[in-house]
Amino acid sequence: MFSFKFNNKVDFFAKYDKIILELIMSKIHLVVELGSSNTYIYRIGSGLIIAEPSLVATKFGSDELFAVGSEAKKLIGKTSEAITVISPIERGLIINKVMAEKMFAEFYKRVVPSKTIFNSVDVLLCVSNGLTDNQIEDFKDVIYSTGIGNVSIIMSSIVSLVGADININKPSAYISLNIGGGTTDFAVVSLNDIVTGFSIDFGGQDMDEAIRQYIYNTKRLEISILSAEKFKNECLSLYPNDTSNMEVSGVDIDTKKPRSEIILSSDIRVAVLHFFDNICAGIEHLVNLCSPEIASDIAPNGIIITGGVANLVGLENYITQKVALPCFIPEEPKLATIIGGAKYYLNNN
């Protein structure tokens, strides 16, 4: 219980106006990344609060949420037809706006107190540089659906460099290569802006499916997409002679019985190599779009690789050998965009 003493009505209203003004001015600032694989929300002053899979589970024939994020991911392949696990964002695009809004609303509740005035919340939204204006508006609509007052846009290719501790304010060009779950962004960044760039419809999720299909076709073993993802994250290497291996469990195609098998990284490498050859071709195309002056910067500065796939063993070496440019991977490439977005916000506010 607060107690204030006022000498007169003027003092009372002056104090009252000051309290109201402080409430209005005490904005909450968020940085948001809505990705095909994961959603991240960083609250300025508090840190990274949400790092969850971009998934929802619903009851059949209903928009009612059964689970969200990591809880929804646990249900993949383990429920009856009464429960459906949905990815509302695919290939970097919102394909189910209703579910995307419900998913974000659930995450938002964990970050911002329910009594917060919506107009006191600002959001910096990180988006792919390959989106059209209308596609960007779809993402903004998802944020606005919670009642948030202001949404600003920043390209992920820019802030991912900030997250990798690159000074983007200098007149010196870097290649930003962000390999996400559903898309891969290519950009040349200099002086806090994208000189040229594009995106392709490929990401870590495509690799998961390629691994699953390869094991199905060559080992006669059907595994879950989650097992394929685990193999990619924990065992896969682009080094041709890497002896890493992992025991993978699934269903024997012929006997329909459970079976486990040791899978070699060197075997699976064949199934995913063409994806990285396409990425290298994209890098070469990007460089060809640059002026000689920009290209001369890129030669020593090289390529900054971010996104979850950046942790793949041998990736840095493989791309360097293919395109003859140095590659650098930050300590936490998966979080480079969201952390970079927070740094970018603080640097500019």
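The values are calculated or read from the model by the stated rules, or taken from the named source; none is laboratory data. Predicted model only: the values in this text are computed from it and were never measured. As a convention, Cβ positions derive from the backbone with ideal geometry for all residues, glycine included, and neighbour counts pool all protein chains shown.
Among Ile153, Ile215, Ile143, which is at pLDDT 95 or above and assigned by TED's automatic domain parsing to the domain that holds Glu234?
Numbers: Ile153 fails: assigned by TED's automatic domain parsing to the domain that holds Glu234; Ile143 fails: assigned by TED's automatic domain parsing to the domain that holds Glu234.
Being at pLDDT 95 or above and assigned by TED's automatic domain parsing to the domain that holds Glu234 holds for just one of Ile153, Ile215, Ile143, which is Ile215.
So is Val287 β-branched (Val, Ile, Thr), over 25 Å from Asn245 (Cβ atoms) and not in a loop (DSSP other than H, G, I, E, B) or not?
So Val287 passes the test.
Do we find that Ser156 is closer than 22 Å to His285 by Cβ and touching a Cys at 6+ places or on another chain (Cβ under 6 Å) in this structure?
So Ser156 fits the description; yes.
For every residue, the table says whether it meets (1) surrounded by fewer than 18 Cβ atoms within 10 Å (Cβ to Cβ); (2) modelled with pLDDT of 95 or more; (3) of a type outside the set (Ser, Thr, Tyr).
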position	(1), (2), (3)
Thr184	no, yes, no
Val188	no, yes, yes
Phe202	no, no, yes
Ile211	no, yes, yes
Phe231	no, yes, yes
Leu238	no, yes, yes
Leu264	yes, yes, yes
Val270	yes, no, yes
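Would you please name the residue that is surrounded by the most Cβ atoms within 10 Å (Cβ to Cβ), looking only at residues in region 307-333 that are farther than 23 Å from Ser296 by Cα and of a type in the set (Asp, Glu)?
Per the stated criteria, the residue is Glu332.
Could you check region 43-129 for strands (runs of 3 or more DSSP E) lying wholly inside it with 1 or more residues that are small (Gly, Ala, Ser)?
Of the strands (runs of 3 or more DSSP E) lying wholly inside region 43-129, those with at least 1 residues that are small (Gly, Ala, Ser) span 47-53, 56-59, 65-68.
Looking at Leu221, Leu226, which one is assigned by TED's automatic domain parsing to the domain that holds Thr183 and farther than 18 Å from Val270 by Cα?
Step by step, each of Leu221, Leu226 is checked, and only Leu226 is assigned by TED's automatic domain parsing to the domain that holds Thr183 and farther than 18 Å from Val270 by Cα.
Restricting to region 244-266, count the residues that are part of a helix (DSSP H, G or I) and farther than 19 Å from Gln205 by Cα.
1
Could you look through region 167-181, keep only residues that are over 20 Å from Ile319 (Cβ atoms) and not charged (D, E, K, R), and pick out the one that is surrounded by the fewest Cβ atoms within 10 Å (Cβ to Cβ)? Walk me through how you get there before you give the answer.
So the first thing to find is which residues in region 167-181 are over 20 Å from Ile319 (Cβ atoms), and the list is 167-172.
Next, from what is left, pick out any that are not charged (D, E, K, R): 167-169, 171-172.
Details: Asn167: 10, Ile168: 21, Asn169: 11, Pro171: 8, Ser172: 16.
So the residue we want is Pro171.
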